[in-house]
Amino acid sequence: MDEEPVTVKEMLIELKDNSELAVYLAYSALMFRDRTIADEVSELEEKIDELKARMRMAAMLSVRNPDDAQKVGPLLKIASAADRISNSASEIAELLQRGIQIHPIIFEALERAEEKVARCRILDESELVGCSLGEADLESKVGMMVIAVRRSGGGWIWGPGDDVKISSGDVLIARGPGDGSMILREIARGIRKLKDFGGEPR
Amino acid sequence: MKDDPSESLGDLILKMKNLSELTVDLSYTALLFDSKEIANEVKQLEEEMDELYYRSRLSILERAKREGTEPLLSVLQVVDAIEDITDAANEVSEIVLEGIDPHPVFDIAMRDTEDVISRVDIDPGSVLIDRRLAELKLDVKVGVDILAIKRSGKLIYDPGEHDFLREGDILIVKGSEEGIDKLREISEEEEDEDEEEELTLEE
């Protein structure tokens, strides 16, 4: 596990980001029929379980009087709700993991969604290698927002900031329009260049 | 479109998926910004989801008569999960409506996120009226995403490129504060012969 959130604030933001991501990824797993994305949803779900436990502990430790107790109530409620969101997301992903026969109408419906989530590995040939996300500016060039980066050495960066540098072997997870997903995958493989979409990396 | 009787199960699943993503997004936002307005939107979305959930189950049962039960199990599992996601998201924003003093951490958390969610009204005479989203490209030009459009009491969630903006629309938008301010400025511009020019200035 990478660096852990310490403060309640950080835990809350992690809960929010991870449960949102679990939902996006669960739908993408189904859409791509991709078991590895489904496995990522399970990992997120476990991470949220752990966050929820730590949030509870932090809440209990912080209570010294009835006033405090009233304040931590909402925090616990959020942790439970985030947990429920991720549990449901992983139930969607489980369809793939358990090898249950999935009705074609589900794929048909998800494929029609305007917004897609793309998952792509950065190859050596890609001009993104060595760029920061801010320099690559994928959001305004190809309309794709990077929601997570998996480092080639393991470990995730959730909701990565502009200063995160892309290395060869990283896996990017990004959301945006269907065309953008396709273009991003090609850029990641070095088949296409950013300059075709509004300039080279800054 | 909502009341179309020929609406297929696939349409329902797609709507439910979009609605659940929007609800999750908005619910945390309501919380982080301590916004009763957005929390109320979430509540309405959740009610809409209940309705879609009901119709999807009817449709699943109907299909099961023709196809047998087993192939439909996966669909049932998906719609159950989607409904539950939305329900849980609603619990998050309910905290705002319950009027419990938000934990001070929410204020801090709020300041830390770059994007804010806000509403922008399309007033009569605005240059944005009767423009197609594809043409406005607000996401590229001002960095603002339209999460939903509220029009005559109904919410159009996750509007697509082909949707138009109309007079009286309330947009629920997500973006940087500057971006949203810019959008408000554009929206307040009155329609006149220079409109094309003014819009391109926002490039």
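The values are calculated or read from the model by the stated rules, or taken from the named source; none is laboratory data. Owing to the predicted nature of the structure, the values given are computational and were not obtained by experimental measurement. Note that each Cβ is placed from the backbone with ideal geometry, even for glycine, and that neighbours are counted across all protein chains shown.
Could we say that B:Val105 is at the interface with chain A (Cβ under 8 Å from one of its Cβ atoms), modelled with pLDDT of 90 or more and not in a loop (DSSP other than H, G, I, E, B) here?
So B:Val105 does not fit the description; no.
Condition first: more than 15 Å from B:Lys17 (Cβ to Cβ) and within 7 Å of chain B (Cβ to nearest Cβ). Now tell me which residues in region A:87-113 satisfy that.
Selection gives A:Ile100, A:Gln101.
Would region A:164-182 turn up any residue that is exposed (fewer than 15 other Cβ atoms within 10 Å of the Cβ) and assigned to a loop (DSSP other than H, G, I, E, B)?
Yes.
Have a look at A:Ile102, A:Ile37 and point out the one that is outside any helix (DSSP H, G or I) and either touching a residue at least 40 places away in the same chain (Cβ under 8 Å) or surrounded by 15 or more Cβ atoms within 10 Å (Cβ to Cβ) (or both).
Sole residue among the options that is outside any helix (DSSP H, G or I) and either touching a residue at least 40 places away in the same chain (Cβ under 8 Å) or surrounded by 15 or more Cβ atoms within 10 Å (Cβ to Cβ) (or both): A:Ile102.
I need the full set of residues from region A:125-147 which are surrounded by fewer than 22 Cβ atoms within 10 Å (Cβ to Cβ), more than 14 Å from chain B (Cβ to nearest Cβ), in contact (Cβ under 8 Å) with a residue 40 or more places away in the chain and not in a helix (DSSP H, G or I), in order please.
A:Glu125, A:Glu127, A:Cys131
Kindly indicate whether A:Glu50 is surrounded by 15 or more Cβ atoms within 10 Å (Cβ to Cβ), in a helix (DSSP H, G or I) and not hydroxyl-bearing (Ser, Thr, Tyr).
For A:Glu50, the condition - surrounded by 15 or more Cβ atoms within 10 Å (Cβ to Cβ), in a helix (DSSP H, G or I) and not hydroxyl-bearing (Ser, Thr, Tyr) - is not met.
Can we say B:Glu21 is buried (at least 23 other Cβ atoms within 10 Å of the Cβ), charged (D, E, K, R) and modelled with pLDDT of 85 or more?
So B:Glu21 fits the description; yes.
Of the residues B:Arg63, B:Arg57, only one is within 13 Å of chain A (Cβ to nearest Cβ), surrounded by 15 or more Cβ atoms within 10 Å (Cβ to Cβ) and over 25 Å from A:Val41 (Cα atoms); which?
Within the list B:Arg63, B:Arg57, the selection yields B:Arg63.
In region A:114-124, is there at least one residue being more than 24 Å from A:Ile187 (Cβ to Cβ) and either at the interface with chain B (Cβ under 7 Å from one of its Cβ atoms) or in a helix (DSSP H, G or I) (or both)?
no
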